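> Below is the structure I would like to discuss, written out as structure tokens.
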Amino acid sequence: MQPIHLSGLSQTELSEFVGSLGEPPFRARQIFAGLHQRRLRSFAEMTDLPQELRARLSERATASTLTLESRYLSTDGTRRYLFKTHDNFPVETVFIPEDRRDTICFSSQSGCPLQCTFCLTAQLGLLRNLTAGEIVEQIIMALNDAYGVSVKTPRGTNLVGMGAGEPFLNFDELMKAIRIMADPAGLHIVPNRVTVSTAGVVPRIRELATIADRPHLAVSLAAPTDELRNELMPINKKWPLRDLISACRDFEESLKPNERFTFEYVMLAGVNDSDEHARRLANLLNRHNLRAKVNLIPHNPAEPLPYQPSTTQRVETFRGILETKGIHAFVRRPRGRDILAACGQLAARSASEPSSPVSILRQAR
């Protein structure tokens, strides 16, 4: 039987588990703080617990399940981690240092089932959903690598659910992980510092609109028409733009003053980046009175994907057209392209051999 992964338990659940061992509630608080506040990854390190309790915990549970397979450092300071799960599936996480904050891009699934044609992760297919504990552990391991175990982080930490996988196809585990990370007794990364990106899972967008304490939402569009979006993002055949935009309208109406709502638009040279595409995108959003900003993301190329990024001039022209029509548009600067860490590049590949999956993927399959 697989040991219980304590990093994926809330304080309440941890108290119940500790109670089943005949221990008082304060032991649960000690364990929770050890796992999340001090970012310890083994019971042996929790020296504030009796040795006998640490031994019993090791028999029934585990503090960590991910192991580091590879670590890559970009020339711009970005770090990409390739972890493997206890059952040998790949998990990738990206740490992006910035002047006033750090951003950690985490994965919600191993692989992805959506088959977006411009995303390298689609080459993997879905291997499996990640647990809440595996999501939380990505953050812990990235922070420990950057700053050291138990070291207080010098800057704020933002999280983006934009790694491998479609987060809204693993909605319950995703939201549980976000709640655990928000706990003041632990990592204390509140939902207002978390952004989750979806390719357009309409029922979950509507569900998120009903949740009070939630992350920010980003919706990937990639095309202003159903015809083109069907080609680039097959999920559009299940939830076409009419349904997606309707759900986005409902979500935008639920926004509180401090919340952000963003559309993402990956720019593919000669495919979706013409002046006409820009006008159609602006008209689509204006027609439905959507005031969300648009992030323009030049495509991050990788073999064997058939696309190239739009030129800087084309991106600026596209942005200018959106701005003239009242759409607030921003260009996202790519980070970690040289180590296959940028958006759409996560596919469990070695940076030294970018066209070959690493051994962990072969083992998983």
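The values are calculated or read from the model by the stated rules, or taken from the named source; none is laboratory data. None of the values given here were measured: they were computed from a predicted structure. As a convention, Cβ positions derive from the backbone with ideal geometry for all residues, glycine included, and neighbour counts pool all protein chains shown. All accessible areas refer to the heavy atoms of the entire protein, side chains included, with ligands and DNA or RNA removed. Shrake-Rupley method; radii C 1.70, N 1.55, O 1.52, S 1.80 Å.
> Tell me yes or no: at least one residue of the range 128-151 is part of a loop (DSSP other than H, G, I, E, B), over 30 Å from residue 269 (Cβ atoms) and at pLDDT below 90.
Our first condition is that a residue be part of a loop (DSSP other than H, G, I, E, B); within the range 128-151, this holds for 130-131, 148-151.
Adding the requirement that they be over 30 Å from residue 269 (Cβ atoms) leaves 130-131, 148-151.
If we keep only those that are at pLDDT below 90 as well, we get none.
Looking through the range 128-151, none of the residues is part of a loop (DSSP other than H, G, I, E, B), over 30 Å from residue 269 (Cβ atoms) and at pLDDT below 90.
> Kindly establish whether residue 249 is farther than 30 Å from residue 77 by Cα, open to solvent by 20 Å² or more (accessible area, probe 1.4 Å) and among the basic types (Lys, Arg).
yes
> Could I ask something else about it? Out of the residues in the range 1-34 that are small (Gly, Ala, Ser) and open to solvent by less than 20 Å² (accessible area, probe 1.4 Å), state the one that is nearest to residue 151 (Cα to Cα). Give the steps one after another, and end with the answer.
Kept after step one, since they are small (Gly, Ala, Ser), are these residues of the range 1-34: 7-8, 10, 15, 19-20, 22, 28, 33-34.
If we keep only those that are open to solvent by less than 20 Å² (accessible area, probe 1.4 Å) too, we end up with 7-8, 28, 34.
Working: 7: 18, 8: 21, 28: 22, 34: 12 Å.
Looking at residues that are small (Gly, Ala, Ser) and open to solvent by less than 20 Å² (accessible area, probe 1.4 Å), I get 34.
> Considering only residues that are of a type in the set (Lys, Arg) and more than 22 Å from residue 233 (Cα to Cα), which ones fall in the range 250-286?
Answer for the range 250-286, where residues must be of a type in the set (Lys, Arg) and more than 22 Å from residue 233 (Cα to Cα): 256, 260.
> Among the listed residues 211, 205, identify the single one that is among the β-branched types (Val, Ile, Thr), more than 23 Å from residue 79 (Cβ to Cβ) and open to solvent by 30 Å² or more (accessible area, probe 1.4 Å).
Of the residues listed, the single one that is among the β-branched types (Val, Ile, Thr), more than 23 Å from residue 79 (Cβ to Cβ) and open to solvent by 30 Å² or more (accessible area, probe 1.4 Å) is 211.
> Could you tell me whether any residue of the range 283-296 is open to solvent by 20 Å² or more (accessible area, probe 1.4 Å), touching a strand residue (DSSP E or B) at 6+ places or on another chain (Cβ under 7 Å), of a type outside the set (D, E, K, R) and touching a residue at least 40 places away in the same chain (Cβ under 8 Å)?
yes
> While we're on this one: Would you pick out the residues in the range 237-257 that are part of a loop (DSSP other than H, G, I, E, B) and closer than 17 Å to residue 292 by Cα?
254, 255, 256, 257
> Now for a separate question. All but one of (1) modelled with pLDDT under 95; (2) closer than 21 Å to residue 127 by Cα; (3) open to solvent by 20 Å² or more (accessible area, probe 1.4 Å) hold for residue 176; state the number of the condition that does not hold.
(1)
> Right, next: Just to be sure before I move on: is residue 7 outside any helix (DSSP H, G or I), under 21 Å from residue 108 (Cα atoms) and either touching a strand residue (DSSP E or B) at 6+ places or on another chain (Cβ under 8 Å) or among the small types (Gly, Ala, Ser) (or both) in the structure I sent?
No, not satisfied.
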